[in-house]
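The values are calculated or read from the model by the stated rules, or taken from the named source; none is laboratory data. What you see is a predicted model, and the numbers here were worked out from it, not measured in a lab. With ideal geometry, Cβ positions are generated from the backbone for all residues, glycine too; neighbour counts draw on all protein chains shown.
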Amino acid sequence: MDIRDNRLFLGGIAAEELVVRYGTPLYVYEAETIVRRYQDLIEHIPYRPLRIHYALKANSNPEVLRLLRRLGAGAETVSPGEIRLAKEAGFQEILFTCSYIGRAELHRAIEEGATVHLDSLAQIRHCGEIAPGGRVSLRINQGIGAGHHRHVVTGGAESKFGIPVAQLREALELAGEYRLNVVGLHQHIGSNILDERILLRAAEAQLATARSVEGLEFIDLGGGLGIPYRPEERPLDIRRFGAALAGRFEAFCREYGRPLTLILEPGRYLVGESGTLLATVTDIKRIPERTFVGIDSGMNHLIRPALYGAYHEIVNASRVEGEREVACLVGNICESSDFFARDRPLPLFREGDIVAIRNVGAYGYTMSSQYNTRPRPAEVLVERGQARLIRERETV
């Protein structure tokens with residue numbers, strides 16, 4: 001965290017200066033952080049060919065997408081809208097991960113030239129009827145799931161995602177009936193995983209399955225690479241994970257008889273730590289039971305705390321170091337769940353102070369809404385010490 005004269009700086013610019021220019025609430029993204037995280041993956045996963053396909057669901061702002069495309073990333077999408085955004089941002093390699101979609105949506109993804117990860121036996125049949133003889137990938141559920149909350153665990157016996165590995169033979173036979181070429185195997189076990197051992201165990205299971213599938217060109221291990229939100233959490237050891245993953249993949253390819261492309265689909269890992277939500281303290285209510293610090297933002301702008309009980313670091317951007325008190329940081333939405341922090345040691349705020357809610361670059365704006373008919377914030381990208389508006393504040 002960049003602190004100068006007891007004020008918070010984002011990308012070399014004082015948070016308070018950004019607020020003067022653009023108002024609050026305001027999402028601010030630091031390009032340098034995104035670049036550094038992308039380079040971490042490229043440098044510390046020494047297997048080639050390696051492709052990083054950014055998961056648009058994490059943050060789909062067009063300027064963030066263009067930055068990642070310039071770095072060399074491909075795109076991973078989950079809807080026709082995301083495919084459109086990826087194409088407009090200039091991505092050439094686009095993956096499309098299906099989940100209970102209709103035939104029209106599947107047809108559109110195929111027409112757009114995306115490589116499709118099929119999620120069920122029904123989708124294999126639908127794809128075969130739409131584009132017999134096409135190239136497809138199968139999303140496999142290995143029975144392994146993980147994540148920071150049960151809502152983001154996307155593998156395992158109770159998950160709605162993927163073809164159970166026990167149905168793989170049936171899936172391949174069905175694909176053969178339609179002359180579909182299965183060129184890839186895909187999996188995604190969950191979100192915000194900080195223990196590389198879990199990721200490696202899932203990778204090993206997928207590689208074991210791939211040994212029995214002929215004609216593969218790639219194996220896609222999905223996303224799930226996490227970032228630390230809480231002070232006590234340790235970052236994912238990307239060096240150790242990358243070296244171990246590369247070693248396992250190289251050994252598999254020697255056994256398979258030829259090199260396959262390794263694909264990863266990070267979202268949060270690339271953009272999560274880049275983002276800060278700036279808001280203004282509007283009201284401080286002290287009652288015998290607790291203190292409420294109110295701001296001009298709410299769960300409509302950042303729903304993660306209300307939805308997952310997610311923890312985000314909270315900083316007084318106006319006076320970073322100073323007194324603290326146990327308080328609740330709350331928003332301006334008419335819901336009792338509209339909390340950013342509950343009974344937590346927080347900076348001692350005054351009306352008019354600027355609150356910085358950290359690590360909101362992923363699943364912040366993309367999960368926002370106009371609930372209570374309150375418009376979404378503006379978005380700013382800070383790059384090489386210069387700030388530019390990359391999305392206007394909405395109006396109602």
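Annotations for the structure displayed:
Matching residues to (1) under 16 Å from Ala387 (Cα atoms); (2) surrounded by fewer than 17 Cβ atoms within 10 Å (Cβ to Cβ); (3) polar (S, T, N, Q); (4) at pLDDT 95 or above:
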| position | (1), (2), (3), (4) |
| --- | --- |
| Tyr22 | yes, no, no, yes |
| Thr33 | yes, no, yes, yes |
| Lys57 | no, no, no, yes |
| Val64 | yes, no, no, yes |
| Arg69 | no, no, no, yes |
| Val78 | no, no, no, yes |
| Glu82 | no, no, no, yes |
| Ala89 | no, no, no, yes |
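- Here Leu277 meets each of (1) buried (at least 17 other Cβ atoms within 10 Å of the Cβ); (2) in the same structural domain as Leu10 (by TED's automatic domain parsing); (3) in contact with an Asp or Glu (Cβ under 9 Å, 6 or more places away or on another chain) with one exception, condition (3).
- The residue that is farthest from Pro377 (Cα to Cα), among those in region 336-360 that are under 26 Å from the mean Cα position of the chain (by Cα) and part of a loop (DSSP other than H, G, I, E, B), is Ser337.
- Hey, Gly272 closer than 26 Å to Leu56 by Cβ and part of a helix (DSSP H, G or I) or not: yes
- Extreme residue, farthest from Leu138 (Cα to Cα), among residues of region 106-115 that are free of Cβ contacts under 8 Å to residues at least 60 places away in the same chain and not in a helix (DSSP H, G or I): Glu112
- Qualifying residue in region 315-324 (condition: among the acidic types (Asp, Glu), surrounded by 13 or more Cβ atoms within 10 Å (Cβ to Cβ) and either under 22 Å from Arg376 (Cβ atoms) or touching a Leu at 6+ places or on another chain (Cβ under 6 Å) (or both)): no
- Neighbours by Cβ (under 9 Å, 6+ apart or cross-chain): first from region 116-136, touching a residue at least 24 places away in the same chain (Cβ under 8 Å) and over 15 Å from Phe161 (Cβ atoms); second polar (S, T, N, Q) and surrounded by fewer than 18 Cβ atoms within 10 Å (Cβ to Cβ): Gly133/Asn181; Gly134/Asn181; Arg135/Asn181; Val136/Asn181
- Taking region 30-105 and the helices (runs of 4 or more DSSP H) fully enclosed by it, the elements with 1 or more residues that are more than 20 Å from Gly361 (Cβ to Cβ) are at 31-44, 80-88.
- Scan of region 134-171 for residues that are at pLDDT 75 or above, on the phi > 0 side of the Ramachandran plot and surrounded by 18 or more Cβ atoms within 10 Å (Cβ to Cβ), ordered by number: Gly162
- Cross-chain or 6+ apart pairs with Cβ under 9 Å, region 261-281 first and basic (Lys, Arg), then assigned to a strand (DSSP E or B): Arg268/Ala55; Arg268/Leu225
- When the residues of region 177-236 are filtered to those that are more than 21 Å from Ile42 (Cα to Cα) and under 17 Å from the mean Cα position of the chain (by Cα), the one that is surrounded by the most Cβ atoms within 10 Å (Cβ to Cβ) is Ile189.
- Test result for Arg254, assigned by TED's automatic domain parsing to the domain that holds Gln206, free of Cβ contacts under 8 Å to residues at least 40 places away in the same chain and not acidic (Asp, Glu): yes
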